[in-house]
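FYI, it's all coordinate maths here, none of it is from the lab. Remember, it's a predicted structure, so these values are computed and weren't measured experimentally. Quick reminder, even Gly has a Cβ in these numbers, built from the backbone with ideal geometry, and neighbours come from all protein chains shown.
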Amino acid sequence: MGTVKRTTARLVQRKVVVCGRIIMYDIDLTNAVAEIKRLKARIVALQVPEGMKKRAYQIAEDIENNASAEVMLVAEPCFGACDVPSSLFDMVDAVVHVGHSPIPSLRFTKPVIFVPARSRIPVTEQLKKAVGLLVEPVGVLATSQHLEELDDAIEGLESMGMKVKIGEGDSRISHVGEILGCNYTTATSIAEDVNSYLLIGSGTFHGLGVHLSTGKKVVVLDPNLEEPREIEQEKAKILRQRHAAIERAEKARSFGIIIGEKVGQRRLRRARELRKLIRWKRKDASLILMDKFDPEKLKTLGFDAYVSTACPRIAIDDVAMYDRPLLTPHELEIVLGVRRWDDYTFDQMTEEEF
Ligand code: SF4
């Protein structure tokens, strides 16, 4: 257990429009500029998350002006620290990756410089509303963009007399209390010590992932909204969709097991285990390599059902895009009768599966 250290270096503020609102993010390029100079990098690729793309040219200009390096802005979508295309390394001396925390267990063939983009929205008013929904001790969690507010939430809850815990993650996690859509170990590591979680982040996916992994109540505090939400209210729809996909896949004779080509998603070992399991059940299975997921590619391949060992979010978030069932590894185990529906959780990535 521990607390998140606040940054004291120079901060550059950037406006980003999220859901029609202008959000201020702190983007500190001081370390990145120093690192580019130290590496004597002449050509640098710049990756930013989708929501920041329209302002990325300002970040590129800041780097070019201060580090005297040529910057190439990467247009391909970038959803996480796992998502640094290897092809970039043929063209550039280093990659600057904005908006996600590093995944410590990942190794790249050229330097990748991670630059956090943290929002700075006061959470005090929502915290007061959240207190009535929480049961202490409370595990406090945040997604990468909200690690600044994680500190504020811990201080706020403690000042209101609540007992708070914060968990360490495994080798895919670089900050205490941080969760990824593919890793909830900061939550599971303290599951026995807490009675509920406060998660600072947006959307339903992360909160539901924590709830399913721990069985505990989760309250989501999205700094861009007015009210905190209890995640249990939102889980029925997603679980119905997953149950339907599992039922359809039970009729499948052939399965395509997709391995993501992105450096941080290549779960080859896990994919081979799943292939063995499918063949043991006397069904056909093949491994498939894929970078960008596309329903048309899957139609062309013609399997009855697919299993994604790449980013766990794809099967859940994009369910409506696929006409064949696209399952997570846990869901395949339910289809094949080696896991019970009652033990349903979202997929998580561990280093041993790569
Ligand atoms: S695999 Fe998915 S959830 Fe995990 S870091 Fe990459 S984009 Fe995020």
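Using 0.36 nm per residue of separation minus the Cα-Cα distance, give me the extension gain between Glu232 and Ser171 in nm, one decimal.
19.1 nm
Using every Cα-Cα pair within region 144-187, state what percent have a distance larger than 18 Å.
Here the tail beyond 18 Å accounts for 30 percent of pairs.
Please state the shape class of the chain: rounded when a/c is under 1.5, otherwise prolate if a/b exceeds b/c and oblate if not, all from the C-alpha gyration tensor.
Oblate, since a/c reaches 1.5 and b/c is not below a/b.
7 Å from Cα along Cα→Cβ at both Phe354 and Thr30: what's the point-to-point distance in nm?
3.0
So what's the net charge close to Tyr184: Lys and Arg +1, Asp and Glu -1, counting the other residues with Cβ under 14 Å from its Cβ?
-1
Please name whichever of Ile103, Thr188, Tyr322 sits farthest to the positive end of the charge dipole of the chain, dipole taken about the Cα centre and charges placed at Cβ: Lys and Arg +1, Asp and Glu -1.
Tyr322
Count the lysine pairs in region 240-353 that are 8 or more places apart or on different chains: how many have C-alpha atoms under 20 angstrom apart?
Summing the qualifying lysine pairs gives 7.
For Phe114, what residues show an amide H to amide H distance below 5 Å, using hydrogens built from the backbone and excluding near sequence neighbours?
The answer is His97.
Would you work out the relative contact order for region 12-119, in percent, from Cα pairs under 8 angstrom that are 6 or more residues apart?
In percent, rounded to a whole number, it is 31.
Can you work out the FRET efficiency for the pair Asp317 and Asp291, with r the C-beta to C-beta distance and R0 = 25 Å, to the nearest 0.05?
0.90
With label points built 7 Å along Cα→Cβ from the Cα atoms of Asn224 and Glu136, find their separation and express it in nm.
Roughly 3.2 nm, to one decimal.
Taking the highest mean first, how do the peptides 182-195, 48-61 order by number of other beta carbon atoms within 10 angstrom per residue?
Going from most to least packed, we get 182-195, 48-61.
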